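J.: The structure under discussion is supplied below as structure tokens; questions concerning it will follow.
What follows draws every value from the coordinates through simple rules; no lab data is involved. None of the values given here were measured: they were computed from a predicted structure. Counting neighbours? That spans all protein chains shown, and the Cβs are built from the backbone with ideal geometry, glycine included.
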Amino acid sequence: MQSISRRLSILLVISAVSAILLVTVFVNLTVSNKFNEYMIDIQNKRYERIVSYFEEAYKREGKWTSDTGVELMHEAYMGNYCLTLLDSGKQAVWGMDPDDLQTQIHIGEMSGHDSGVYTTKTFEIKVNGKIVGFIDIGQYSSVLLSEEDLTFKSSINKSIIASGALALIIIISLSLYFSKQFSTPIRAVAKMSVSLSKGNFDTVSTIKSNIAELEDLRKSVNILAGKLKYQDALRKRLVSDITHEIRTPLNVLQNNLEGMVDGVVPVTKENLNYLNEEVIRFGTLINDLNLLKEFESESIKLNYETIYLDDLITEMSKDFLMGNVHKNITFEYGLATDEKHQIIGDKDKIKQVMINLLSNSIKFTENNGKIVIKLYRDTKHIIVEVIDNGIGIKQEDLPFIFERLYRGDKSRNQIEGNGIGLTIVKNILDLHNAIIKVDSKEGIGTTVKIYFDSSK
């Protein structure tokens, strides 16, 4: 099995070689064809010039003689072609011997697929519209190339090949470089994924990429690793917490019942009431867990109706204020009186949300503390704020407060509770498409904001 770097490099190199070869062949054929067209054009112009020369010669002399145009013989020998002058009856006036061209050094440098085969072309010589003779032009190649022409053509071909080779080297180098740019971060992410699959959630990829998609992939895998690490820690903590929550009332019941059986603990009404309270506490925990299970399985049915949050919050705040006079907690309201804030939802479930939030604020706020409740609207939401100046929540505990049975640091564990209330709150608000945010500082207080979709 090949690595991504090797496979990518091979593919890029094959693509580069194929492209360069195709371009080189195409350019070479194009240049050769254009060069041959150029030489044929020059050759045709030579033919025209020769015909014109003999027409002018006949006009001057009025007839053909053995000396007419013989001065072109030298040029013909140098150009590797033969001339034969014929009169109007196609009888030879004079002509060159094609065999004499065999001694010319240029015959070995002629170009063409029919090199070595002698061919002729006959052109009419006209004077005043009357054919007065013919000129045969014979050659051993379809295109006549001089030594300079051959050298020029060879130089072009060599230049094309050299350019192709240089381009190939550059492209291969760039291909290897860019394949490394692609493969290195991918290889790092793949290695990290393997490590995660083995349960090593502390792995982090630090190899950055300037390619947006690869950098997004790296960040996503790092986030995934963080979430897996958090879920693993949460799972271990939940097992510990739920074991503690269940073990405590069972141990109390077991120890007291064994004491009563052994006669160590007297069977009194007071002791039986104490045991009954532990049973009730245990039952409450089981009921909360069952309620949470119903929310998470989405088997809860909501009874939707119009809810006026102004009236609901005012009523519930008064009830909590009257029920907690022993702590002397002050309630302040910031409710807008110029308009009603209404939502569509299950009134009993929204009440449960407010009960849990207000209970937590009172529970974790010391005597003579203060709780502020605000209700207002922005462009898209109706917002409920519950602010207290209680003991607050540590920053490292904030991400976990909505998890089952999570109860934070020891100072908060000393206060009665089972760590399910906020989990239920979160599930109820999710069913109402509402958002809850918590901001807290240890020793200063906590602010809870709920964002309901505005029905306006």
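J.: Which loop GluC sites (Glu not before Pro) in region 56-97, with loop taken from DSSP, have no more than 10 other Cβ atoms within 10 angstrom of their Cβ? Mind showing how you got there, number by number?
T.: Values: sites: GLU56, GLU61, GLU71, GLU75; in loops: GLU71.
Within region 56-97, the qualifying GluC sites (Glu not before Pro) (loop, at most 10 other Cβ atoms within 10 Å) are GLU71.
J.: Additional query: Between ASP311 and GLU213, what length in nm is gained on full extension when 0.36 nm per residue of separation is reduced by their alpha carbon distance? Can you show the working numbers first?
T.: Details: separation 98, 0.36 × 98 = 35.28 nm, distance 5.10 nm.
Fully extending the segment from ASP311 to GLU213 adds 30.2 nm.
J.: Summing Lys, Arg as +1 and Asp, Glu as -1, what charge do residues with Cβ under 12 Å from the Cβ of ASN28 carry, ASN28 excluded?
T.: Working: positive: LYS34, LYS153, LYS158; negative: none.
Summing Lys/Arg as +1 and Asp/Glu as -1 gives +3.
J.: Starting from the Cα of LYS34, draw a straight line to each of the lysines and keep only those under 21 Å, dropping any in the same chain fewer than 8 residues away.
T.: Straight-line reach from LYS34, under 21 Å: LYS45, LYS153, LYS158.
J.: Give me the percent of DSSP beta bridges within region 304-453 that run antiparallel, rounded to the nearest 5.
T.: Details: 27 of 33 bridges.
Looking only at bridges with both residues in region 304-453, the antiparallel portion is about 80 percent.
J.: Taking the Cα centre of each part, how many Å lie between region 347-381 and region 256-289?
T.: Their Cα centres are 34 Å away from one another.
J.: A further question on this structure: Between region 150-166 and region 9-76, how far is it from one alpha carbon centroid to the other, in angstrom?
T.: The distance from the Cα centre of region 150-166 to that of region 9-76 comes to 19 Å.
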